[in-house]
Every structure is written in structure tokens, then in C-alpha cells.
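K.L.:
Have a look at the structure that comes next, please.
The values are calculated or read from the model by the stated rules, or taken from the named source; none is laboratory data. Because the structure is predicted, anything quoted here is derived from the model rather than measured. Ideal geometry is used to build each Cβ from the backbone, glycine not excepted, and the neighbour counts take in all protein chains shown.
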Amino acid sequence: MRKLETELVKSIRNNDIDTFKVLVRLIDVNKPIKITYYDDEFSCTPLQFISRLEYERKDANTFLVTLPGEKKLQTHCALIVGDHSLSINAFVIRKPDENEAGVHHWCMTKNASMYGVAFAINELGDIYLVGRLPLNAVTDREIDRLLGAVLQYSDSSFNPLLELGFANAIRREWAWRVSRGESLANLEFARHFI
């Protein structure tokens, strides 16, 4: 039975849906199994384990993941499996309304100290975090590190990028909310420059 459970976990991690469908019929999906993840060992049912891996599959090679944040409430990522590499692309913020050079300078300065991903812009000027790994370097641990890096950089950069690239729009929004008695809760980060 342990071998089947191990193969089930492996099929989940490898996104091998066909193998998973066969194995899931052979074991009790409501019976807890032991899983070792890094240095932690825990028990959960196969269904609970699957629920930890929330993603959508756009096509055979593209996995979409939404990371929850604190400052930036959600960061949407695409993991794309190519012939030789795995790439990750995560939307951070749309093209700045103002101070575009200052925003780009801030991003480029941050790039030098970042792990696995870097700030980049698309053809519209929107800002993304992008990275690429050779397929032979892809492991569960490395994907976890990359997604963790994306979440950290996206969340920690969100307010500074808003301040640099959207200060006038934020000031207008602040004034409009004050005039109508609306909540300023999600604009509190900007109080110092209003």
C-alpha cells in the first residue's frame, strides 16, 4: 500500500493526471498518508494534499497559480514548461501613469539582489516578474522557492511601485474618498505623500 501512496504523491507533483486517476481508484483517498516535505513530515489524505496544490491548467504546458499576498492581494503566475526550460511570469503592476523612468530605475536596482526572477516589462509597459530554469533543475523545492520569491518580491514592491508610478492618481482617489466619506483603509500606505 505504501508504494501506491508514494506513486500517488509522485503523480500529483508531476502533474501526471492519467496516473493519478488510476492510482486514486486503488487506494482510500480519505485515509491519511505520511508525506515528507523538506524537513517537515505530516499526515494528510491524498485529497487534502491535492487541495494544497491549487492551480489551473491553461494547456498541456501552462499552469496558472494565484499567490495570496498582504499588500498586493493576489499575484497571478504562469508556469510554462518549454522544450528545455520552465519559465515563470507573474504580473506585478500595469504601466506607470507617471515617472516611468523612476519606476524602471527602482526595478532595475532591485534586480541585482533578487533570487530566480527579475523585473521586466512587456510590450505595453506593464511590469512583470520573470524567470527561467533549465528543466533538469526543476524540483518541487525549486518551484516552491521560485513561487516564494515571486510572492515576496511582488508583495514588497507593490506599494513602492504605486507610490512611484501612480502618486497623482492616488492623491485624486484619496480626495474623492474623503469628499464622499469613503474608507481610506487600502490607501493608508500613501498617507505620507498625500
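K.L.:
For segment 70-93, how many residues meet the condition of being within 22 Å of GLU163 (Cβ to Cβ) and crowded, with 16+ Cβ neighbours inside 10 Å?
P.N.:
Of the residues in that region, 6 qualify.
K.L.:
Mind checking which residues of segment 67-78 are assigned to a strand (DSSP E or B) and at pLDDT 85 or above?
P.N.:
Those that are assigned to a strand (DSSP E or B) and at pLDDT 85 or above: GLN74, THR75, HIS76, CYS77, ALA78.
K.L.:
Of the residues LEU164, LEU184, which single one is buried (at least 17 other Cβ atoms within 10 Å of the Cβ) and either within 21 Å of the chain's Cα centre (by Cα) or not basic (Lys, Arg) (or both)?
P.N.:
Among LEU164, LEU184, only LEU164 is buried (at least 17 other Cβ atoms within 10 Å of the Cβ) and either within 21 Å of the chain's Cα centre (by Cα) or not basic (Lys, Arg) (or both).
K.L.:
List the pairs whose first member sits in segment 74-96 and is in the same structural domain as GLU142 (by TED's automatic domain parsing), whose second member is in a loop (DSSP other than H, G, I, E, B) and crowded, with 19+ Cβ neighbours inside 10 Å, and whose Cβ atoms are under 7 Å apart, counting only residues at least 6 apart or on separate chains?
P.N.:
ILE88/VAL117
K.L.:
Scan ALA101, ALA90 and give me the residue that is over 18 Å from VAL65 (Cβ atoms) and outside any loop (DSSP other than H, G, I, E, B).
P.N.:
None of the other options fit; the residue is ALA101.
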